[in-house]
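**Q** The structure follows.
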Amino acid sequence: MKRILILIALSSQQIIQAQPLGIYQHGTVVRMRTNDCLPTPHGFMANFGAPQSAVISDTCPEYTLVSDKVVYIIVGRSSNQLIPLADDLEFRIQKSELDVRLDDAKHESKFTIKEMILRSEWEQIRKHVIEQLDASPHSTDIAPTRNRN
């Protein structure tokens with residue numbers, strides 16, 4: 001009887017410890033570009049203070065992450081948060097942030113979710129854009145002329 005109680009106590013402790021981690025989803029990064037960093041909230045008192053006119057302009061990576069059902073547009077917090085393109089990764093959503101784990105790393109990188117869209121809608125929009133690009137007339141005189149002085 002004591003053995004059973006000990007096993008139950010140990011298994012319940014492991015479940016309690018594993019619960020905050022959440023369930024990881026799988027996705028693929030299909031696009032990356034740099035954009036201005038999203039402003040970070042500085043707490044309750046920042047809302048009542050004078051607006052900050054001197055904004056430090058820094059560029060942060062913005063990724064399009066495609067999962068089975070949802071497509072996420074995520075933004076890094078700094079310019080050194082890089083994810084390789086076409087890389088399959090594991091992620092989880094926690095408090096309006098997307099926590100990404102690369103290559104079975106023990107630490108996670110946190111990204112801000114800028115936009116979410118259902119994958120079916122995203123594929124329809126993408127298909128429509130490709131059709132519009134294919135239907136538009138292409139100009140053959142694209143290359144600029146160079147001065148040879």
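Each reported figure results from applying straightforward, stated rules to the coordinates on display, with no laboratory input. None of these values were measured; they are calculated from a predicted model. Cβ sites come from the backbone with ideal geometry, for glycine too, and all protein chains shown count toward neighbours.
**Q** Which of ILE117, ILE73 has the fewest other C-beta atoms within 10 Å, and how do the rest follow up to the most?
**A** By the 10 Å Cβ count, ascending, the order reads ILE117, ILE73.
**Q** Sticking with this structure for a sec: Could you pull out every residue, at least 5 positions away or on a different chain, whose amide H is within less than 5 Å of the one on GLN94? Hs are placed 1.01 Å off N in the peptide plane, and Pro or chain starts have none.
**A** For GLN94, the qualifying residues are ASP99.
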